[in-house]
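Shown next, in structure tokens, is the structure this report addresses.
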Amino acid sequence: MYPNPLIYCTCWDPWNLGPRKLIKTPHPLPKTLPGKPRDKAQAEKLEEGGKLPSEVIDVSPGYKLIRNREQISVTLGDEMFNRKKHLESDFLNKVKFSRTDIISDLEEQISELTAIIEQMNRDHQSAQKLLSNKMDLRCAEMKQKFENENRDLKKAHKLELEKLENSYKDALKVEKASAQEKLEDMGKEYKYLKNMFHMYQDSIYEEMEDKWTKRKAEWEKDEKLEREKILLQQKHRITKKFELESEEEKRKINESFSAVFENFTREKEELINQHDEDLLQMQELRKSKEVIISVKLLSCK
């Protein structure tokens, strides 16, 4: 078979959908396949009508490849067969085989793949049936084994449970007797500790009484000393205050005495001046009197 990259092979599965039923193409193919779209617009209409996403690939003029999830179709148009001779010669030189060879190769591939797929389906069905039988047998064996083991485990569990119950009962009796003995011992210890506590309480009470008596005497002594100290401080404060007040009074008395003395001195000077003036007036009056007497004597004569 000639290795042409444009030949479609059914083993190509880009969407990983697995094997699909092959579509047989009638032979020989006409120039234009009936019911197939000849241009891209018709292909898109067909895609929208079928509601399946399709991809249109223009391989060459007049050769369209349409593929979707269900099938792949090829459209051969008039352009592929009515091209000019030099284009046909160039195309034939490049491809090196004719339209009939392409169709025969496709049919050969389809027949081979169909045989392979049918053989794979038969092998798969036989293997599936064999595995199903083995699984059924294995399930039955495992179910029987599980039932037997479950029965044995239940018996062993029941025996173990009875054994544990008996051992727990014996241990409970021993623990109960031991707990009773411990309870009696604890009762005796409680009585002893109670008596010791009362004795300790009495001794603590007496000791506290002694301490409180001593503390009271110390407090009274401290209080007396504190009172004397406070009284002494008050005495010093009052004495100091009295001294300050005495000094203030002395200062005020001295100031008032100085003021009185100054006033007395001033009045004394004024009186002395007044006395001098009075003496002068008396002398003048005497002189006037003598003059008057002398005048009277003269007038009498």
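Quick note: the coordinates plus some simple rules give every number you see, no bench work behind them. All figures in this text were calculated on a predicted structure; none of them were measured in a lab. Note: ideal-geometry Cβ built from the backbone for every residue, glycine included; neighbour counts use all protein chains shown.
A few comments on the model shown:
- What the phi angles of region 164-178 give under the Karplus curve with 6.51, -1.76 and 1.60, with θ = phi - 60°, is a coupling list of 5, 4, 5, 5, 5, 5, 4, 5, 5, 5, 4, 5, 5, 5, 5 Hz, glycine and proline written as x.
- Estimated FRET transfer efficiency (residue 176, residue 129; beta-carbon r; R0 41 Å; 0.05): 0.05
- Across region 193-210, coupling constants 3J(HN,Hα) worked out from phi with the 6.51/-1.76/1.60 Karplus curve, θ = phi - 60°, read 5, 5, 5, 4, 5, 4, 4, 5, 5, 5, 5, 5, 5, 5, 4, 5, 4, 4 Hz, and Gly and Pro carry x.
- Inter-label distance, residue 257 to residue 215: 6.2 nm, where each label sits 7 Å from its Cα along the C-beta direction.
- Average projected area [Cα convex hull, region 175-275], square nanometres: 12.6 nm²
- Whole-Hz Karplus values for region 140-153 come out as 5, 4, 5, 5, 5, 5, 5, 4, 5, 5, 5, 5, 5, 5 Hz, taken residue by residue from phi with 6.51 cos²θ - 1.76 cosθ + 1.60 and θ = phi - 60°; glycine and proline positions read x.
- Between residue 294 and residue 234, the contour length at 0.36 nm per residue exceeds the alpha carbon distance by 12.9 nm.
- Taking only the Cα atoms of region 120-239, the radius of gyration and Dmax are 45.8, 136 Å.
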